[in-house]
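Here it is: the structure, laid out below.
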Amino acid sequence: MKLRIFGNSIRLRLSQTEVERLHTTGKVEDCVSFGKSALTYTLESSGISEITTSFENNRLVVSVPAGAARQWAASDEISLKAEKPLNPGESLKILIEKDFKCLTPRDEDESDNFPNPNKSC
């Protein structure tokens, strides 16, 4: 699972195996180590009504309603998104996507990524 943070936005990109794992187990997790500390990031499905986030003890958790996660995983739907209000005039944008193979060669293993729908372009 890839994590991208830019300003007040979080983007998670999942491979085919990770989408299947979310569908079957309800949870996908990864970690980046900084030596003495680490950032753990988790995508989970649960019995909630809307996408939520939390961050405590170097752990970012993005929670998705179980029904929405199941529908997304089993369909051609590309993304799930939400925008959560923060302070007045601020919000956190959340985007969860299926990770597609790039159209141009990259020095990255993309064997488990989804076929790019624009490949014929």
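How many of the residues making up the range 53-93 are touching a helix residue (DSSP H, G or I) at 6+ places or on another chain (Cβ under 7 Å) and assigned to a strand (DSSP E or B)?
1
Hand me the list of strands (runs of 3 or more DSSP E) wholly inside the range 4-50 holding 3 or more residues that are closer than 16 Å to L80 by Cα and in contact (Cβ under 8 Å) with a residue 12 or more places away in the chain. Working first, answer last.
On the way: elements: 9-14, 27-33, 38-46.
Filter on the range 4-50 gives 9-14, 38-46.
Ok, one more. With the condition kept exactly as written, say whether any residue in the range 73-87 is among the aliphatic types (A, V, I, L, M), surrounded by fewer than 16 Cβ atoms within 10 Å (Cβ to Cβ) and over 23 Å from T24 (Cβ atoms). Spell out the reasoning first.
In the first step, residues of the range 73-87 are kept if they are among the aliphatic types (A, V, I, L, M); the result is 73-74, 78, 80, 82, 86.
Subsequent filtering for residues that are surrounded by fewer than 16 Cβ atoms within 10 Å (Cβ to Cβ) retains 74, 78, 86.
Those still in the list that are over 23 Å from T24 (Cβ atoms) too: 86.
Checked the range 73-87: at least one residue is among the aliphatic types (A, V, I, L, M), surrounded by fewer than 16 Cβ atoms within 10 Å (Cβ to Cβ) and over 23 Å from T24 (Cβ atoms).
Which residue out of I48, I10 is over 14 Å from the mean Cα position of the chain (by Cα), at pLDDT 95 or above, surrounded by 11 or more Cβ atoms within 10 Å (Cβ to Cβ) and among the β-branched types (V, I, T)? Full working, then the answer.
Numbers: I10 fails: over 14 Å from the mean Cα position of the chain (by Cα).
I48 is the lone residue from the list that is over 14 Å from the mean Cα position of the chain (by Cα), at pLDDT 95 or above, surrounded by 11 or more Cβ atoms within 10 Å (Cβ to Cβ) and among the β-branched types (V, I, T).
So, one more: Out of curiosity, is P65 free of Cβ contacts under 8 Å to residues at least 24 places away in the same chain and either out of contact with any Leu (no Cβ under 9 Å at 6 or more places or on another chain) or surrounded by 14 or more Cβ atoms within 10 Å (Cβ to Cβ) (or both)? Break it down stepwise before answering.
Numbers: free of Cβ contacts under 8 Å to residues at least 24 places away in the same chain: yes; either out of contact with any Leu (no Cβ under 9 Å at 6 or more places or on another chain) or surrounded by 14 or more Cβ atoms within 10 Å (Cβ to Cβ) (or both): yes.
Yes, satisfied.
Another one. Regarding R4, is this residue over 20 Å from F100 (Cα atoms) and either among the acidic types (D, E) or in contact with a strand residue (DSSP E or B) (Cβ under 9 Å, 6 or more places away or on another chain) (or both)?
Working: over 20 Å from F100 (Cα atoms): no; either among the acidic types (D, E) or in contact with a strand residue (DSSP E or B) (Cβ under 9 Å, 6 or more places away or on another chain) (or both): yes.
The answer is no for R4.
Okay, next question. Could you tell me which residue of the range 53-84 is farthest from L3 (Cα to Cα), considering only residues that are of a type in the set (V, I, T) and at pLDDT 95 or above?
The initial filter retains those residues of the range 53-84 that are of a type in the set (V, I, T), namely 53, 61-62, 64, 78.
Retained after the next criterion (residues that are at pLDDT 95 or above): 53, 61-62, 64.
On the way: T53: 14, V61: 12, V62: 11, V64: 16 Å.
Across the range 53-84, the extreme among qualifying residues is V64.
Moving to a separate point now. When you scan the range 99-110, do you find a residue that is at pLDDT below 95, in contact with a Leu (Cβ under 9 Å, 6 or more places away or on another chain) and assigned to a strand (DSSP E or B), even just one?
We begin by selecting, within the range 99-110, every residue at pLDDT below 95; these are 99-110.
Narrowing the set further to residues that are in contact with a Leu (Cβ under 9 Å, 6 or more places away or on another chain) leaves 99.
Within this subset, residues satisfying the condition of being assigned to a strand (DSSP E or B) are none.
No, every residue in the range 99-110 fails to be at pLDDT below 95, in contact with a Leu (Cβ under 9 Å, 6 or more places away or on another chain) and assigned to a strand (DSSP E or B).
Condition test on E97, is it surrounded by 14 or more Cβ atoms within 10 Å (Cβ to Cβ) and touching a residue at least 40 places away in the same chain (Cβ under 8 Å)? Walk me through it before giving the result.
Values: surrounded by 14 or more Cβ atoms within 10 Å (Cβ to Cβ): yes; touching a residue at least 40 places away in the same chain (Cβ under 8 Å): yes.
In short, yes.
The values are calculated or read from the model by the stated rules, or taken from the named source; none is laboratory data. Computed from a predicted model, the values in this text were never measured in an experiment. All Cβ positions, glycine included, derive from the backbone under ideal geometry; neighbour counts span all protein chains shown.
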